[in-house]
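Taking it in order: structure first as structure tokens, then the write-up.
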Amino acid sequence: MDNSKDELYVELRDDFFDDETIIALESLPNGYLYINILMQMYLISLRSEGKIKNNAVNLSYMTEESNENVETAIKIFIDFGIIKIMGDGVIDMMPDDGKLKELVWLKTKDTIG
């Protein structure tokens, strides 16, 4: 690992997969795929304080998933109240009223502990 780069982490509460939103997401056709996309989106958002400035086409390239799967996942995440699309098109992965706000934290090495 390049020590000159910041170390960034996604921290999940230990009951993350017991949450009703995650259980509902898992129960969908391709639910496990959508959870994988969600986790990748959290990781992508780390360097920009929980925001993603890329569109679905770029995200499909970054996650190595089809554009259709990424677009569907984003729509589901919005419908489930997990993410929000801001006025400028930026994806807010950690909206103040987000369903998973209390289950997921984006951290730097300095905030671990």
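Each Lys or Arg adds one and each Asp or Glu takes one away; over the other residues whose Cβ falls under 12 Å from the Cβ of ALA56, this sums to -2. Taking 0.36 nm per residue of separation and subtracting the current Cα-Cα distance, fully stretching the chain between ASP88 and PHE17 would add 22.4 nm.
Quick one: check the C-alpha center-to-center distance for the range 85-105 versus the range 16-82, whole angstrom. First find each Cα centre; the distance between them is then 12 Å. Here the gap between ASP97 and ASN30, fully extended at 0.36 nm per residue and compared with their Cα-Cα distance, gives a gain of 21.6 nm. With the convex hull of the Cα atoms taken as the outline of the range 8-111, the averaged projected area works out to 6.4 nm².
Considering only ILE83, SER48, LEU8, the residue lying farthest towards the positive end of the dipole of the chain is SER48, judged by Cα position with unit charges set on Cβ.
We did not get these values from a lab; they are worked out from the coordinates using the rules stated. If you're wondering where the values come from, they're calculated on a predicted model, not measured in any experiment. Cβ sites come from the backbone with ideal geometry, for glycine too, and all protein chains shown count toward neighbours.
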